[in-house]
Amino acid sequence: MLDQLYRELQRRNQTLYETNQADLRDPFSYEEPGVSLAEYGLQDDIIGFVQIPALDLELPIVLGANEEHLKQGAAHLTQTSYPIGGENTNCVLAAHRGYYKAPMLREVERLQIGDTVYVQNFRETLTYTVEELRIIDPTDVDALLIQPGRDLLTLVTCHPLGGNSQRYVVYCVRSSSEADRTAQ
């Protein structure tokens with residue numbers, strides 16, 4: 001079943017690329033999961049985990065960036081690439097800057113260019129390197145688009161700490177590293 005899920009997510013990632021993520025402009029399009037993981041034996045819309053060693057942080061990756069999922073961990077924006085990597089992808093994960101039950105991305109500003117971020121999905125662990133840090137307006141969806149020929153992971157959180165007027169964005173590029181490994 002997981003091989004079927006992988007192929008389905010590859011297909012969806014390709015469609016997102018080919019359609020230029022047309023539905024990303026709808027502010028509600030990224031809230032609901034685009035695929036039911038339960039149909040493939042995975043529960044709770046959790047597709048994997050994001051690990052950020054520099055912050056000593058691991059968060060579950062939950063499909064659909066709605067408020068309930070943001071309380072659980074890193075929420076995948078549905079109209080962005082799924083967290084399986086590949087050319088012409090940009091998986092965008094949003095997380096709170098802090099939450100009363102967990103630190104989430106409270107210390108995101110400690111991240112530096114060159115730091116490593118791992119995405120562990122149901123199949124393998126992907127290795128990314130922080131490439132750029134940027135502050136954007138919440139409406140700047142163009143900053144979240146797929147960049148042709150690249151394999152990206154983008155982390156998004158509120159900015160400044162305690163506020164919500166901007167977004168702190170961490171762009172990570174897939175490393176050509178032997179650290180990527182297939183799950184056993």
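Within the stretch 79-90, one or more residues are surrounded by fewer than 22 Cβ atoms within 10 Å (Cβ to Cβ), on the phi < 0 side of the Ramachandran plot and of a type in the set (Asp, Glu). Screening Val119 on (1) buried (at least 16 other Cβ atoms within 10 Å of the Cβ); (2) part of a loop (DSSP other than H, G, I, E, B) shows it passes everything except condition (2).
From the list Val130, Val141, the lone residue that is among the β-branched types (Val, Ile, Thr), touching a helix residue (DSSP H, G or I) at 6+ places or on another chain (Cβ under 9 Å), surrounded by 12 or more Cβ atoms within 10 Å (Cβ to Cβ) and at pLDDT below 95 is Val141.
Within the stretch 114-124, the set of residues being under 13 Å from Val170 (Cα atoms) and either touching a Leu at 6+ places or on another chain (Cβ under 7 Å) or of a type in the set (S, T, N, Q) (or both) comprises Thr116, Val117. Where residues in the stretch 46-71 are within 24 Å of Gln112 (Cβ to Cβ) and free of Cβ contacts under 8 Å to residues at least 24 places away in the same chain, which of them is surrounded by the fewest Cβ atoms within 10 Å (Cβ to Cβ)? That would be Asp56.
Within the stretch 72-104, being in contact with a strand residue (DSSP E or B) (Cβ under 6 Å, 6 or more places away or on another chain), more than 18 Å from Arg11 (Cα to Cα) and in contact (Cβ under 8 Å) with a residue 60 or more places away in the chain holds for Ala74, Leu93, Ala94, Ala95, Arg97. Only one of the listed residues (Val173, Val130) is assigned to a strand (DSSP E or B), under 14 Å from the mean Cα position of the chain (by Cα) and over 16 Å from Asn88 (Cβ atoms). That residue is Val130.
Exactly one residue among Gln10, Gln14, Gln43, Gln21 is loosely packed, with under 11 Cβ neighbours inside 10 Å, of a type in the set (S, T, N, Q) and either closer than 19 Å to His69 by Cα or at pLDDT 80 or above (or both), and that residue is Gln43. Could you tell me whether Gln147 is in a loop (DSSP other than H, G, I, E, B), at pLDDT 95 or above and touching a helix residue (DSSP H, G or I) at 6+ places or on another chain (Cβ under 8 Å)? The answer is no for Gln147. Could you please let me know if Ile113 is crowded, with 16+ Cβ neighbours inside 10 Å, more than 30 Å from Tyr40 (Cβ to Cβ) and free of Cβ contacts under 8 Å to residues at least 40 places away in the same chain? Judged against the criteria, Ile113 is not a match.
Has the stretch 144-152 got any residue that is open to solvent by less than 70 Å² (accessible area, probe 1.4 Å), over 17 Å from Thr80 (Cα atoms) and of a type outside the set (Phe, Trp, Tyr)? No: zero hits.
Kindly indicate the residue of the stretch 53-80 that is assigned to a loop (DSSP other than H, G, I, E, B) and β-branched (Val, Ile, Thr) and also farthest from Asp151 (Cα to Cα) among those meeting that condition.
Selected residue: Thr78.
Apart from one condition, Gly48 fits all of (1) closer than 23 Å to Gly149 by Cα; (2) part of a strand (DSSP E or B); the exception is (1).
The values are calculated or read from the model by the stated rules, or taken from the named source; none is laboratory data. This structure is a prediction, so every number in the text was calculated from the model and none was measured. Neighbour counts are summed over all protein chains in view; Cβ atoms, including those assigned to glycine, are modelled from backbone coordinates with ideal geometry. Accessible surface areas use protein heavy atoms only, side chains included; no ligands, DNA or RNA. Shrake-Rupley method; radii C 1.70, N 1.55, O 1.52, S 1.80 Å.
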